[in-house]
Amino acid sequence: MDAIRKDVFIGFGLINLTIVAFVGMLMRYKIGFEFPYLSQKYLLHGHSHFAFSGWVTHILFTFLVLSLGRQIKNAKIFNNLIVANLLCAFGMLIAFIIQGYGTVSITFSTLSIFIGYIFAYYYYKELQGCQGHPSHQWFKAALFFNILSSLGTFYLAYMMVSKNIDQHAYLGSVYFYLHFQYSGWFFFTIIGLIISKFATLSDFVYKPSMFYFFFIACFPAYFLSILWANLPWYLYILPIGAVALQLFGLYELIKLILRLMQQIRQQWAVSVQWLLGMALVALVIKILLQTGSVIPAISKLAFGFRSIVIAYLHLVLLGFTSLFLLGYMKLEGHISSNKNTIRALIIFTICVFANELVLTLQGVASFAYILIPYANEMLFVISAIMFLSMIGLIYFHKKT
């Protein structure tokens with residue numbers, strides 16, 4: 001039987017995160033210093049698409065398949081799908097940087113969406129032949145949200161083809177995609193993965209209510225992303241309900257973690273606890289920020305300043321998603337435990353939160369129209385250190 005090429009795929013994941021960090025550093029350099037080459041807008045498109053497909057989706061696909069263990073029946077198909085997704089990711093990275101939204105980049109983007117559909121189909125088939133596990137309902141929901149999020153991109157394509165672009169509809173479609181990627185596809189896969197590890201601990205007790213709180217909340221929580229659109233007053237009930245459900249779900253998750261804390265401290269490495277703990281902190285901040293955003297005045301201020309929006313997006317993509325995935329790799333033994341790799345992970349984590357701090361300060365200062373001196377230069381230095389920490393992680397990991 002074919003085996004999943006996990007070492008190759010994990011290696012590509014780390015390389016791809018390094019590429020994401022490099023393009024992010026290049027964008028920061030263009031903002032703070034003179035660099036006339038390459039379009040900032042095109043770099044942004046390449047950076048964001050590759051971060052989603054080449055880093056997060058690639059690693060989530062890999063871990064979803066590995067979670068099936070020896071029960072897997074279609075390893076060859078999944079190997080091919082993961083490789084195809086990688087090819088599309090690199091195709092998007094290059095095409096978007098060269099041409100922005102053009103024929104080649106849109107083709108690769110569309111192909112990656114259909115690969116996600118095919119992956120979901122075969123993964124659902126695999127789960128039907130597996131014994132039930134608490135993590136499986138999270139995985140099924142994650143794949144559903146990944147498919148649902150693509151409706152936003154297709155509506156964007158329709159507007160561009162028809163040349164009938166409404167600004168509110170355009171932004172609504174973008175946030176539809178982002179919301180169901182961040183709070184759906186990424187979040188539900190991650191919680192499913194951590195529950196699969198929690199289930200190996202003897203004190204584990206699973207309450208399905210946690211899943212239903214988050215699952216139901218995910219749909220109306222979309223309205224939290226478009227509160228700037230002057231929604232009718234009666235629609236505000238939906239985001240308020242979503243916030244309440246998310247808080248209930250977060251309470252159940254934290255309660256489960258506290259129940260298992262003693263065993264986690266005994267059985268998991270300190271570096272794993274550090275990375276996963278920081279990811280949890282980022283998740284708590286995200287949900288609290290969403291809770292505060294139901295206040296219209298706060299929502300309008302937040303969406304009115306670009307650095308606040310960027311800080312929030314990076315909080316989810318780097319603070320929660322990326323730190324969790326690195327911690328999970330470490331927990332599963334895919335990252336070595338030598339001192340230099342641990343140092344690289346610590347530096348990367350510090351840079352993630354330093355980046356958040358500067359962006360947040362920049363955004364808060366913007367409320368009073370105050371410029372923070374050397375903010376762009378600081379963001380460049382942080383992004384450069386982040387990139388170098390990933391280089392160090394890969395170098396010392398390979399050396400080991």
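The values are calculated or read from the model by the stated rules, or taken from the named source; none is laboratory data. This structure is a prediction, so every number in the text was calculated from the model and none was measured. Virtual Cβ from ideal backbone geometry, glycine too; neighbours counted across all protein chains shown.
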message: Can you report the number of residues in the stretch 19-55 which are over 15 Å from the mean Cα position of the chain (by Cα) and either under 21 Å from ASN355 (Cβ atoms) or assigned to a helix (DSSP H, G or I) (or both)?
response: 21
query: Considering only helices (runs of 4 or more DSSP H) fully contained in the stretch 295-400, which possess at least 1 residues that are basic (Lys, Arg) and either assigned by TED's automatic domain parsing to the domain that holds TRP185 or at pLDDT below 85 (or both)?
result: 296-303, 306-314, 375-399
- line: Reported set for the stretch 364-381 where residues are in contact (Cβ under 8 Å) with a residue 60 or more places away in the chain and closer than 23 Å to VAL20 by Cα is ASN376, GLU377, LEU379, PHE380
task: Look through LEU253, LEU280, LEU247 and report the one residue that is farther than 28 Å from GLY363 by Cα, of a type in the set (A, V, I, L, M) and either at pLDDT 95 or above or within 21 Å of the chain's Cα centre (by Cα) (or both).
output: LEU253
- line: Matching residues in the stretch 87-107 (among the hydrophobic types (A, V, I, L, M, F, W, C) and either surrounded by fewer than 22 Cβ atoms within 10 Å (Cβ to Cβ) or not assigned by TED's automatic domain parsing to the domain that holds VAL56 (or both)) number 7
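Each row is one residue, and each column tells you yes or no for (1) closer than 28 Å to PRO134 by Cα; (2) surrounded by 19 or more Cβ atoms within 10 Å (Cβ to Cβ); (3) in the same structural domain as ILE347 (by TED's automatic domain parsing).
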site: PRO220; (1), (2), (3): yes, no, no
site: LEU227; (1), (2), (3): no, yes, no
site: ALA242; (1), (2), (3): yes, yes, no
site: MET261; (1), (2), (3): yes, no, no
message: Going residue by residue through the stretch 12-25, is there one that turns out to be at pLDDT below 95, within 19 Å of PHE324 (Cβ to Cβ) and of a type in the set (S, T, N, Q)?
response: no
task: Please go through the stretch 98-145 and pick out each residue that is touching a residue at least 60 places away in the same chain (Cβ under 8 Å) and in contact with a Gly (Cβ under 6 Å, 6 or more places away or on another chain).
output: SER135, TRP138, PHE139, PHE145
task: Tell me, yes or no, whether the stretch 210-228 has at least one residue that is over 20 Å from the mean Cα position of the chain (by Cα) and outside any helix (DSSP H, G or I).
output: no
task: Consider GLY24 carefully, then state whether it is touching a helix residue (DSSP H, G or I) at 6+ places or on another chain (Cβ under 9 Å) and under 20 Å from THR189 (Cα atoms).
output: no
